[in-house]
1. Just for region 20-34: of the residues that are more than 17 Å from LEU209 (Cβ to Cβ) and touching a strand residue (DSSP E or B) at 6+ places or on another chain (Cβ under 9 Å), which one is surrounded by the fewest Cβ atoms within 10 Å (Cβ to Cβ)?
2. Take ARG172 and tell me if it is of a type in the set (Lys, Arg), over 27 Å from PRO12 (Cα atoms), under 21 Å from the mean Cα position of the chain (by Cα) and surrounded by fewer than 18 Cβ atoms within 10 Å (Cβ to Cβ).
3. Looking at ALA137, ALA142, which is the one that is of a type in the set (Gly, Ala, Ser), modelled with pLDDT of 95 or more and closer than 20 Å to LEU23 by Cα?
4. Please list, ordered by residue number, the helices (runs of 4 or more DSSP H) wholly in region 137-217 having 3 or more residues that are touching a Pro at 6+ places or on another chain (Cβ under 7 Å).
5. Of these, VAL4, VAL66, VAL100, which one is surrounded by 19 or more Cβ atoms within 10 Å (Cβ to Cβ) and either in contact with a helix residue (DSSP H, G or I) (Cβ under 8 Å, 6 or more places away or on another chain) or charged (D, E, K, R) (or both)?
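The values are calculated or read from the model by the stated rules, or taken from the named source; none is laboratory data. These figures come from a predicted structure and were not determined experimentally. Cβ coordinates were reconstructed from backbone atoms using ideal geometry, including for glycine residues, and neighbour counts include every protein chain displayed.
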Amino acid sequence: MRCVVLPGVYPPQEDTLLLAAALRRERLPPAARVLDVGTGSGALAVAAARHGAAEVTAVDVCGRAVLTARLNGLLAGCRIRTVRGDLLCPVAGERFDLVVANPPYVPTPPAPRPSRGIARTSDGGEDGRTVLDRLCAEVPAALRPSGVLLLVHSALCGVRPTLALLAAAGLRAEVADRALVPLGPETRSRAGWLLRRGLLAPGQEKEELVVIRAERV
């Protein structure tokens with residue numbers, strides 16, 4: 001798709017493509033409602049609309065991301081509702097058939113969290129799970145019966161904790177996809193710190209991305 005990305009907005013990357021492929025494999029029910037949490041460029045929201053979703057909502061805490069998603073929806077000829085806010089707060093009380101999320105997940109040295117800019121889009125906190133754990137806790141209540149969560153993140157921040165949290169919330173969770181990709185620029189910039197923590201091996205040039213599929217049962 002033709003994609004506009006404003007400064008400070010997370011651009012489509014390998015994780016976006018991996019999640020989009022998983023999204024396209026989902027069978028959406030009639031009149032399906034889809035939520036894209038942390039939409040960034042809106043690429044996944046557009047993919048959901050093109051896949052046949054009747055209603056797509058894209059949420060991001062960044063105003064520029066909301067504008068970018070709106071622009072890309074218009075360019076693609078897709079009707080997308082864009083809302084600014086923190087994770088699921090703007091859609092509290094609503095229910096969806098599919099939720100997709102590509103949150104910040106890169107483990108990050110302790111420091112004041114950036115309030116804006118591209119650095120914020122990858123800042124997952126010291127263990128990479130600051131936003132991940134919130135999503136695992138908040139998304140189950142936003143799913144309709146048989147609703148599905150598709151969530152992408154790096155194995156650097158742990159796969160088992162994600163599966164365990166989603167299972168504890170009553171979802172049937174599994175790894176749907178895995179892919180080895182070159183380390184991104186933000187991960188490379190933190191390589192020394194990640195190496196000292198034992199999260200990267202000496203000379204490691206790639207990381208594993210996983211897509212978690214969790215279904216409400």
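1. Restricting to residues being more than 17 Å from LEU209 (Cβ to Cβ) and touching a strand residue (DSSP E or B) at 6+ places or on another chain (Cβ under 9 Å), the top hit is ALA31.
2. Values: of a type in the set (Lys, Arg): yes; over 27 Å from PRO12 (Cα atoms): yes; under 21 Å from the mean Cα position of the chain (by Cα): yes; surrounded by fewer than 18 Cβ atoms within 10 Å (Cβ to Cβ): yes.
Yes: the conditions hold for ARG172.
3. Numbers: ALA137 fails: closer than 20 Å to LEU23 by Cα.
Criteria check complete, one pass: ALA142.
4. Values: elements: 160-168, 185-189, 191-196.
Per the criteria, 191-196.
5. On the way: VAL4 fails: surrounded by 19 or more Cβ atoms within 10 Å (Cβ to Cβ); VAL66 fails: either in contact with a helix residue (DSSP H, G or I) (Cβ under 8 Å, 6 or more places away or on another chain) or charged (D, E, K, R) (or both).
On inspection, the qualifying residue turns out to be VAL100.
Yes/no matrix, rows are residues, columns are (1) surrounded by 19 or more Cβ atoms within 10 Å (Cβ to Cβ); (2) modelled with pLDDT under 95:
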position	(1), (2)
PRO104	yes, yes
ARG113	no, yes
SER122	yes, yes
ASP133	no, no
VAL152	yes, no
THR187	yes, yes
